[in-house]
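Notes follow once the structure below has been shown.
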Amino acid sequence: MLRELHIPSSTYYRWRRAEKEPCERRRHDIELTEQIREIHAASGGIYGSPRVHAALKREDIHVGRKRRVERLGLAENQGVASGGLAR
(Lines give C-alpha, C1' and ligand atoms only; values in the text may rest on other atoms or scores of the structure.)
Protein backbone atom coordinates (compact mmCIF):
# COMPACT_ATOMS: atom_id res chain seq x y z
CA MET A 1 0.00 0.00 0.00
CA LEU A 2 2.84 2.39 0.78
CA ARG A 3 4.31 1.76 -2.66
CA GLU A 4 0.99 2.58 -4.28
CA LEU A 5 0.84 5.90 -2.41
CA HIS A 6 4.56 6.59 -3.03
CA ILE A 7 5.25 6.95 0.69
CA PRO A 8 8.61 5.76 2.02
CA SER A 9 8.33 3.01 4.63
CA SER A 10 10.56 5.04 6.96
CA THR A 11 7.88 7.76 7.06
CA TYR A 12 5.26 5.22 8.09
CA TYR A 13 7.42 3.77 10.88
CA ARG A 14 8.36 7.24 12.14
CA TRP A 15 4.65 8.08 12.32
CA ARG A 16 3.91 4.86 14.25
CA ARG A 17 6.72 5.55 16.72
CA ALA A 18 5.48 9.11 17.28
CA GLU A 19 2.03 7.75 18.16
CA LYS A 20 3.50 5.43 20.80
CA GLU A 21 6.19 7.73 22.17
CA PRO A 22 5.20 11.40 22.08
CA CYS A 23 8.04 13.86 21.68
CA GLU A 24 9.23 16.04 24.55
CA ARG A 25 7.21 19.06 23.41
CA ARG A 26 3.98 17.06 23.21
CA ARG A 27 4.59 15.64 26.71
CA HIS A 28 5.28 19.16 27.99
CA ASP A 29 2.09 20.42 26.31
CA ILE A 30 0.06 17.74 28.07
CA GLU A 31 1.54 18.76 31.45
CA LEU A 32 1.00 22.45 30.66
CA THR A 33 -2.64 21.84 29.70
CA GLU A 34 -3.24 20.05 33.01
CA GLN A 35 -1.64 22.92 34.95
CA ILE A 36 -3.77 25.45 33.07
CA ARG A 37 -6.92 23.43 33.85
CA GLU A 38 -5.99 23.35 37.55
CA ILE A 39 -5.34 27.11 37.66
CA HIS A 40 -8.57 27.84 35.80
CA ALA A 41 -10.59 25.56 38.10
CA ALA A 42 -8.98 27.02 41.23
CA SER A 43 -10.06 30.50 40.10
CA GLY A 44 -13.66 29.36 39.81
CA GLY A 45 -13.48 29.59 36.02
CA ILE A 46 -12.77 33.32 36.11
CA TYR A 47 -9.12 33.49 35.05
CA GLY A 48 -8.41 34.09 31.38
CA SER A 49 -5.12 33.97 29.52
CA PRO A 50 -3.38 36.99 31.20
CA ARG A 51 -4.12 35.79 34.74
CA VAL A 52 -3.27 32.20 33.89
CA HIS A 53 0.05 33.49 32.56
CA ALA A 54 0.68 35.38 35.81
CA ALA A 55 -0.14 32.26 37.85
CA LEU A 56 2.20 30.14 35.72
CA LYS A 57 4.92 32.74 36.11
CA ARG A 58 4.50 32.67 39.91
CA GLU A 59 5.05 28.90 39.72
CA ASP A 60 8.24 29.59 37.71
CA ILE A 61 6.78 28.14 34.50
CA HIS A 62 7.75 30.26 31.52
CA VAL A 63 5.61 29.93 28.41
CA GLY A 64 4.90 32.26 25.51
CA ARG A 65 1.57 34.00 24.86
CA LYS A 66 0.62 32.04 21.76
CA ARG A 67 1.35 28.68 23.29
CA ARG A 68 -0.47 29.62 26.48
CA VAL A 69 -3.55 30.79 24.57
CA GLU A 70 -3.45 27.65 22.44
CA ARG A 71 -3.30 25.39 25.51
CA LEU A 72 -6.05 27.39 27.23
CA GLY A 73 -8.27 27.03 24.19
CA LEU A 74 -7.58 23.33 23.86
CA ALA A 75 -8.44 22.91 27.52
CA GLU A 76 -11.78 24.52 26.60
CA ASN A 77 -11.43 27.14 29.30
CA GLN A 78 -12.40 30.77 28.95
CA GLY A 79 -12.17 33.58 31.41
CA VAL A 80 -15.13 35.72 32.42
CA ALA A 81 -15.23 39.17 30.81
CA SER A 82 -15.41 42.13 33.15
CA GLY A 83 -18.29 44.59 32.99
CA GLY A 84 -16.34 47.34 31.26
CA LEU A 85 -17.49 50.93 30.79
CA ALA A 86 -20.66 51.82 28.97
CA ARG A 87 -20.43 54.75 26.60
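The values are calculated or read from the model by the stated rules, or taken from the named source; none is laboratory data. In this text, all values refer to a predicted model and were calculated from it rather than measured experimentally. Glycine gets a Cβ as well: all are built from the backbone with ideal geometry, and neighbour counts include every protein chain shown.
For the stretch 68-84, the condition of being surrounded by 14 or more Cβ atoms within 10 Å (Cβ to Cβ), modelled with pLDDT under 80 and small (Gly, Ala, Ser) holds for at least one residue.
Just so you know, in the stretch 1-57 the residues that are exposed (fewer than 12 other Cβ atoms within 10 Å of the Cβ) and among the aromatic types (Phe, Trp, Tyr) include one that is farthest from Arg67 (Cα to Cα), and it is Tyr13. Residues in the stretch 2-42 that are among the polar types (S, T, N, Q) and without any contact (Cβ under 8 Å) to a residue 24 or more places away in the chain: Ser9, Ser10, Thr11. Regarding Arg51, is this residue under 13 Å from the mean Cα position of the chain (by Cα) and either among the charged types (D, E, K, R) or at pLDDT 85 or above (or both)? No, not satisfied.
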